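What follows is calculated from the coordinates using simple rules that are stated; it is not laboratory data. Since this is a predicted model, take the numbers as computed values, not measurements. Backbone-built Cβ (ideal geometry, glycine too); neighbour counts: all protein chains shown.
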Amino acid sequence: MKKGYLVLIGVAVFFFMSYSFFKNTYNKMVSMDEGVKASWSQVENVYQRRADLIPNLVNTVKGYASHEKETLSAVIEARSKATSVNINPSNLDPNALKKFQAAQGELSSALSRLMVVMERYPDLKANQNFMDLQAQLEGTENRIATERRKFNQAVQPYNELVREFPRNIIANMFGFKEKAYFEAEKGAEKAPEVKF
């Protein structure tokens with residue numbers, strides 16, 4: 001009789017511990033997944049801030065350099081592409097993130113070309129609106145880099161959690177998948193060549 005109670009108590013303890021492990025693991029995955037989504041929202045916010053600055057920048061430049069239509073059109077087109085690529089934060093897979101990153105990279109490249117062209121216009125460079133917009137854009141680029149880093153920092157512990165055994169079993173049961181990281185732009189590993 002005593003042996004039966006011990007077995008029953010052992011089974012009850014096993015189920016309680018299993019339930020606790022299962023519940024705690026699931027809740028931690030939910031919490032970390034929400035942290036990744038919140039971090040992604042911040043990334044989107046700073047990219048949106050940049051996109052919102054561009055029409056004002058283009059309009060300011062048009063007044064001084066209206067014959068630079070090709071460069072201005074490239075910026076407007078790149079902005080349109082960048083704002084059309086949306087990612088569901090629940091599905092941050094590598095392909096979706098690469099498309100997003102590529103569209104944002106095109107916009108960065110177009111903005112860089114615009115800034116190089118603007119070097120030819122001293123009156124524009126002295127315009128207070130242009131200087132303010134340029135400063136805001138530079139600040140936004142810094143924020144983008146910061147938020148991308150924070151996003152990667154949120155993704156790393158989440159990915160570790162959903163890949164660890166036996167937690168990966170729970171992750172697979174409930175559809176918690178590994179998230180993609182932001183990666184450096186192609187060519188970023190090479191230092192620019194400076195010639196004098």
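Placing +1 on the Cβ of every Lys and Arg and -1 on the Cβ of every Asp and Glu, with no other charges, gives the chain a dipole of roughly 800 debye about its Cα centre. The residues neighbouring LYS179, those whose beta-carbon lies less than 9 Å from its own, together hold a net charge of -2 under the Lys/Arg +1, Asp/Glu -1 convention.
Diffusion coefficient of segment 83-140 by Stokes-Einstein, Kirkwood radius over Cα pairs, 4 °C, 1.567 mPa s: 96 µm²/s.
Relative to the longest principal axis of the Cα atoms of the chain, the long axis of helix 94-118 lies at roughly 20 degrees. Taking the three principal axes of the alpha carbon atoms in segment 26-75, the coordinate ranges are 59, 15, 7 Å, sorted in descending order.
Of the GluC sites (Glu not before Pro) in segment 124-187, the ones in a loop by DSSP (not H, G, I, E or B) with at most 15 other beta carbons within 10 Å are GLU164, GLU183, GLU185. Considering the dipole of segment 1-135 built from charges on the beta carbon (Lys and Arg +1, Asp and Glu -1) around the Cα centre, which of PHE15, LEU57, ASN127 is farthest to its positive end? Projecting each Cα onto the dipole axis, the largest value belongs to PHE15. Here the sum of -39500 (n - 2.57) over DSSP H runs of 4 or more residues, divided by the residues of the chain, equals -27500 deg cm²/dmol at 222 nm, to the nearest 500. Three principal axis extents describe the C-alpha atoms of the chain; from largest down they are 97, 34, 24 Å. Add +1 for every Lys or Arg and -1 for every Asp or Glu among the other residues with Cβ under 10 Å from the Cβ of ASN91, and state the total. Counting the neighbours of ASN91, the net charge comes to +1.
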